[in-house]
């Protein structure tokens, strides 16, 4: 896989996401983060949801409904599609690791964010389709910048938050970079050596699915979803 799809947003989309992020307070169970860092993470979840839904509509791909899930300290958005049965699509959002430096290197080096929950086997992974979005912003550099902001900012107006968090960056920074269906993922994992099946970050473990060599091409997702 080598192709990425830019998901453009309008200023009104970002303002809408800021408003939603202000209204919904999620617990951050695994770590204690600066309030503005946590808010921006939540904001990206909503931005990913809005951007992906706009892409579906632009490609005339109908979906049945969507649900927001709070899994530990991150938010997954679950889009439900009706075909021969119900298919659940989990949308993942991430910033770029600083050591990668750019989108191309992140795609080369990183995986779809597939959390292993508890001790569940790969056959028990939730979601039928997993889609990865990357924001073209460096994670540690962004976090350091956000930590310099006062938490009182979060009680400000939507317009003030947009300005202080450089909301304009999100208008062009969102990219769909890969996806995988459950059946293909299970087959991939089964054929790997035990030590190659998972990777760890902090307190969580993830199933491996490299964005460049193992994830499916974003350009193929339209056809896949329409044929469900």
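What follows draws every value from the coordinates through simple rules; no lab data is involved. Predicted model, so just to flag it, every value in this text is computed and none were measured. Here the Cβ is made from the backbone with ideal geometry for all residues, glycine too, and neighbour counts use every protein chain on show.
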Modelled FRET efficiency - R0 25 Å, residue 169 with residue 123, Cβ distances, 0.05 increments: 0.05
With the Cα gyration tensor of region 151-228 giving a ≥ b ≥ c as the square roots of its eigenvalues, does the rule (a/c under 1.5 for rounded; else a/b larger than b/c for prolate; else oblate) give rounded, prolate or oblate? oblate
Residue separation between residue 150 and residue 184 times 0.36 nm, minus their alpha-carbon distance, gives in nm 7.7 nm
Which value in nm describes the separation of the simple spin-label points at residue 108 and residue 159, placed 7 Å from the Cα toward the beta carbon? 4.4 nm
Just report the Cα centroid separation between region 95-128 and region 201-224, whole Å. 6 Å
For region 176-216, just the Cα set please: Rg and Dmax, both in angstrom. 10.6, 29
Quick one: work out Rg over Rh on the C-alpha atoms of region 82-135, Rh as Kirkwood radius. 1.07
Determine the shape class of the chain: with a ≥ b ≥ c the square roots of the Cα gyration tensor eigenvalues, call it rounded for a/c under 1.5, and otherwise prolate if a/b is greater than b/c, oblate otherwise. prolate
Could you give the angle, 0 to 90 degrees to the nearest 10, between helix 11-23's Cα long axis and the longest principal axis of the Cα atoms of the chain? 90 degrees
Cα→Cβ-extended label distance, 7 Å offset, between residue 86 and residue 23, nm: 2.3 nm
Okay, helix-only estimate at 222 nm for the chain: each DSSP H run of n ≥ 4 adds -39500 (n - 2.57), divide by all residues, round to 500 deg cm²/dmol; what do you get? -10000 deg cm²/dmol
Rounded to the nearest 10 degrees, the helix 35-58 long axis (Cα) sits at an angle to the longest Cα principal axis of the chain of 60 degrees
DSSP beta bridge pairing in the chain, given as percent antiparallel to the nearest 5: 80 percent
Please check: in the Gaussian network model of the chain (C-alpha springs, under 10 Å), which one of 127, 178, 48 has the largest mean-square fluctuation. 127
Segment residue 10-residue 227, extension gain: residue separation times 0.36 nm, minus the distance between their alpha carbons: 75.2 nm
